[in-house]
1. Kindly indicate whether residue C:382 is within 14 Å of chain B (Cβ to nearest Cβ), at positive phi, free of Cβ contacts under 8 Å to residues at least 60 places away in the same chain and not in a helix (DSSP H, G or I).
2. Being within 30 Å of residue C:342 (Cβ to Cβ), among the polar types (S, T, N, Q) and open to solvent by 10 Å² or more (accessible area, probe 1.4 Å) is the requirement here; does residue B:345 meet it?
3. What are the pairs, 6+ residues apart or on separate chains, where a residue within the range B:46-65 that is under 13 Å from residue B:12 (Cβ atoms) has its Cβ under 6 Å from a residue that is open to solvent by 40 Å² or more (accessible area, probe 1.4 Å) and outside any strand (DSSP E or B)?
4. Across the range A:385-401, what is the total count of residues that are farther than 18 Å from residue A:420 by Cβ and within 12 Å of chain C (Cβ to nearest Cβ)?
5. Against the definition (at pLDDT 95 or above and of a type outside the set (A, V, I, L, M, F, W, C)), how does residue B:367 come out, yes or no?
6. Applying the selection to the range B:335-357, what residues are closer than 21 Å to residue A:288 by Cα and part of a loop (DSSP other than H, G, I, E, B)?
7. Could you tell me how many of the residues in the range C:250-269 are open to solvent by 20 Å² or more (accessible area, probe 1.4 Å), of a type outside the set (S, T, N, Q) and under 14 Å from residue C:327 (Cβ atoms)?
8. Does residue B:387 qualify as being assigned to a loop (DSSP other than H, G, I, E, B), touching a Ser or Thr at 6+ places or on another chain (Cβ under 8 Å) and either buried (at least 20 other Cβ atoms within 10 Å of the Cβ) or among the hydrophobic types (A, V, I, L, M, F, W, C) (or both)?
Amino acid sequence: MMELLNLIAPLPRTIANSATDKALDIVKRFLPNSIIHGFRTGSKVWTWTIPKRWELNKASIKAGGKTIVHSDWSILHVLNYSVPVQGNFTREEILKHIHTIPSQEHAFPFVFSFYKEQWGFSIPHSWLDRFSADTYDVQIDSKFEDGLLNCLTCFIPGESNQTFVISSNICHPLQVNDSLTGVAVAADIANRLSRREKLKYSYLIMVVPETIGTIAYLANNSNLIEKCIGGFFSEMLGTNTPLVGQKTRKGITYWDSILVNLSKYGASKFKIVDFLKSAANDEKVLDSPGVNIPTISLTRYPYSEYHTNRDNMGIIKEEKLREARNILQQIIDYAEEDYVPIIRNPGPIFLSGYDLYPDWREDPSLKPLWDSFLDVMYSIDGVHSVIELANKKNISIEHFFYWTNKFHEKGLIQKKSFIINKQNEKNQF
Amino acid sequence: MMELLNLIAPLPRTIANSATDKALDIVKRFLPNSIIHGFRTGSKVWTWTIPKRWELNKASIKAGGKTIVHSDWSILHVLNYSVPVQGNFTREEILKHIHTIPSQEHAFPFVFSFYKEQWGFSIPHSWLDRFSADTYDVQIDSKFEDGLLNCLTCFIPGESNQTFVISSNICHPLQVNDSLTGVAVAADIANRLSRREKLKYSYLIMVVPETIGTIAYLANNSNLIEKCIGGFFSEMLGTNTPLVGQKTRKGITYWDSILVNLSKYGASKFKIVDFLKSAANDEKVLDSPGVNIPTISLTRYPYSEYHTNRDNMGIIKEEKLREARNILQQIIDYAEEDYVPIIRNPGPIFLSGYDLYPDWREDPSLKPLWDSFLDVMYSIDGVHSVIELANKKNISIEHFFYWTNKFHEKGLIQKKSFIINKQNEKNQF
Amino acid sequence: MMELLNLIAPLPRTIANSATDKALDIVKRFLPNSIIHGFRTGSKVWTWTIPKRWELNKASIKAGGKTIVHSDWSILHVLNYSVPVQGNFTREEILKHIHTIPSQEHAFPFVFSFYKEQWGFSIPHSWLDRFSADTYDVQIDSKFEDGLLNCLTCFIPGESNQTFVISSNICHPLQVNDSLTGVAVAADIANRLSRREKLKYSYLIMVVPETIGTIAYLANNSNLIEKCIGGFFSEMLGTNTPLVGQKTRKGITYWDSILVNLSKYGASKFKIVDFLKSAANDEKVLDSPGVNIPTISLTRYPYSEYHTNRDNMGIIKEEKLREARNILQQIIDYAEEDYVPIIRNPGPIFLSGYDLYPDWREDPSLKPLWDSFLDVMYSIDGVHSVIELANKKNISIEHFFYWTNKFHEKGLIQKKSFIINKQNEKNQF
């Protein structure tokens, strides 16, 4: 995952430009079976319009002939999607276009205006000292071009065409945690799933410019939506800050069950928040009225370097990325393994008779497992899946599988196959 | 509304007598299209029997030839529906028939006994001093007569015959807040609705003697019940005391949604209590088993002048009446406007693209509206109405209509017509 | 009930032996219409195997020729179902097989190992002083025999074959509260029900060895399971300790309603706990996946004499047994009486008109009844039974029946017959 980050991090990506195209090409090298889709700028996608491509040649502010800000120093010094500007401005005028972070003297913010015509610069708050002259020579040599907005998808077919979406964003210039880390985790999972011999579900990995990329792709592939039974939005996963799991819009779906169960019983505990209370990004599209793909998210938001020049490789910890990746892997593994346990005989199972009694008096580490036996035994109903039952009864999914798999080994239960279908949430369309 | 109160307040009304007849005639002048219905005394209505009419000629207590209580001073001095009495009583005997309010030295209570034969007097507690003699000459010259118990109704037809009932009482002698104010509000709303060009629902305004009037009318018009999809009991609305909203019996109906939403987000905030925890009056009939008209209520109960001679014009504030009237109006307006919003495109609506973004950074008063956008956007499901969704998601109905009406203006949603039908609560009959 | 206890208490019963056979014969004397069923040892019942019968001739420990423990002193000195032993053991070896209760110096525990081959002795903790020698001569002269495991059932037919099970255990040697008291209560109720002229439900009383008895009987009479609509596990009811009611597995069944209502409003208040949080015994079979008989329990567990030689007649109070019996009787009586009240007229019932007004001002003891009138009146829905409504609205079942029975006497309601059917919980089989 670190290799992908290192290669893409320096590129001045945005919603649509040549750097983003290059970034997607790099992702494609990691995901050989992926496809890059281009959507024409200016075209209408649902209620949205695809914006033009934006290329910046250079931008600068000069005062008394001296350059005090220049885009060559960092592309982040220029408000992303700035309109072209050439002219002189008074001190008062120019300051209206300058963005700083007063609380962080030496950092400068990533600022942008994709849908409203603006221009501006971003500088460390301490640089305001440089603005002592009366007039300033401002140049922004930017271009808006017709062309394509590009998105990458990688489809990994399983036995069922019921599809789980893993969504990530590539569009923030120079930003690494937000959200190249999400791309890295998604790509790593994609490779792992591709190597599996057998998958129950199909998987669709999306690497797109935020919001508009997801809208453009889905609006042009609307037949896919029906098949998407769940989603995971993967973003901001590489910092030291704590993990946060965010629920789907409905908040009570199958995917919420797994996320919440892992947050309590998994190897890494984490906090759970309601829909749109953490990331609030592409899941706003995936899990919106009319799309209705129940989408959970995992992030390490908030972190202090968010949307600044400081969101760079220096803040990324590989073990943090791995921890997040493992959670996503676990979610998928549970869903892949899930089945409906059907007991073959009525009554409580005779543990001693089948050598299944965990002798926790001799090995105290078996105590939690033993405690979960009654919970599991008296939850099984022949109708619901392991994950559904674990959720209903608030039992560790891990323990539940332990017991029902043991029962299965001994021939005490049948495993009935279980697959999530698009829940009857077709309220819209 | 004050004119109606001024005209009717002085009349010594009761369940059925000539003063009540006169009062209903006055109401009819304010509601030209209303009808007065007479129901024969002694007739059986459901499990009840219509009581006889009661007329009081005069009543007095004399001690040593001196009149110490007289009905001419106030009809309230006589227990309403007292049987005729003529005779001498010892001090001990007479005191059993005297009612006072020990906590209110100079006020005297409105007392009555409609269904159990009794007689009595009501006096200020301080008047007990007048009872120092050994014997008293008591005369109650009252008459029970066969005839009619009269009720007034005013039907305002809408496009649908699904009918909303507004119920009020006229029967308490000299009492104004309880409940002539309810009549005034009901009559004012009736006039306003009559002037509307278009109504979705029909409306039935009822001005009746408490409980028995509602029973008599409905028992004789039982075909109506099926069409009544909701009700509002209007009583005790003119004092300075705080408004209280009372839920329906089910407590979770459409009308509860609106009442509760207004109590939190409306111009006048107010407290909400469960069914029969405030007024407990004609809604006990309207929203009873077998009738099942889900009925909300609004009152300013409790107030200290309740059921005393002090419940008169002096405690009525016109602006308080208006505030209550406005709430009833708002309930009706919301129900009349309600529709199911159907979005035309999947995904979140592109606010900037339709000039719908409320720039709360420039105008901070727009902040709550902006905050509600996400709530509204992600609630719409193409099935439920604005009021249902606002209730489910605890969003201001006002804000919800703001957004969906804006979306409609821009052609982004369709409005599907919505009308409440008698919910399937036909448990009885 | 005390007679039965006195007769059976001294018998050294266990899962299957001649003393248990004798005990069942005694129960049969109290329940003439009962049947004793034998199930062959070694046979497979669901996932379980019926263990062999166990007879103990005698067992002893000698040190230096002196007997320091002997089964003649109490059968409880020998671990129940001990394998035969004959030999000499070092102090270290023998102590591994000695069980005491360190916190109760002079009591000794009832220990057993039905499904794992073991041997052992149980002694007062203070007797450890006797183990000062280096070697011990141990003899356990026990036999495992093929034969029958016996169970007793008594079926009391009602109008419907929908059956309520009352389950109790007979198998703990010398133990009285656990669980001969449960047998005594079950048998007493059985006799009372047999004398009834009319029963709505059928009743099945079971007196069996714990767990395996219930499994053996049901596995061999599986056609019965379908008809069993509820159950009561009766155990440990004779001590001074507080009553505890335990819910069914589902926790929200009809039987839970009655139990919870009685725990709050009955003559004896008691605590309620969730399934398997108190007794955790034969209801683990009755109310297991695949059997699904919703089974409530009543016990006086915990009590300090539990599973020791001190659980004997000395701790049993007849009035405590009676109190528990009365609760079971009340549960049955409510279920037998239950009906759906259907009102004949809409609207609130005119209490004064039918002389039903409880004049609580004259008789303050009537106040709670009066308070419940509105609750009852406005709950009736023509669909649910008295018990269901009382549960839904949290009203005393006693009060509910008071009012609806009064209404029925006055011809104001119809009673529609009501019977619980096996709820659609057929998730397994």
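1. The answer is yes for residue C:382.
2. Here the answer is no, as residue B:345 does not meet what is asked.
3. none
4. Residues flagged as farther than 18 Å from residue A:420 by Cβ and within 12 Å of chain C (Cβ to nearest Cβ) within the range A:385-401 amount to 1.
5. So residue B:367 fails the test.
6. B:344, B:345, B:346, B:347, B:348, B:349, B:350, B:351, B:355, B:356, B:357
7. The number of residues fulfilling the criteria is 5.
8. Here the answer is no, as residue B:387 does not meet what is asked.
The values are calculated or read from the model by the stated rules, or taken from the named source; none is laboratory data. Remember, it's a predicted structure, so these values are computed and weren't measured experimentally. Positions of Cβ are backbone-derived with ideal geometry, glycine not excepted, and every protein chain shown enters the neighbour counts. The protein model used for the area step is the full one, side chains on, heavy atoms only, and it has no ligands, DNA or RNA in it. Shrake-Rupley method; radii C 1.70, N 1.55, O 1.52, S 1.80 Å.
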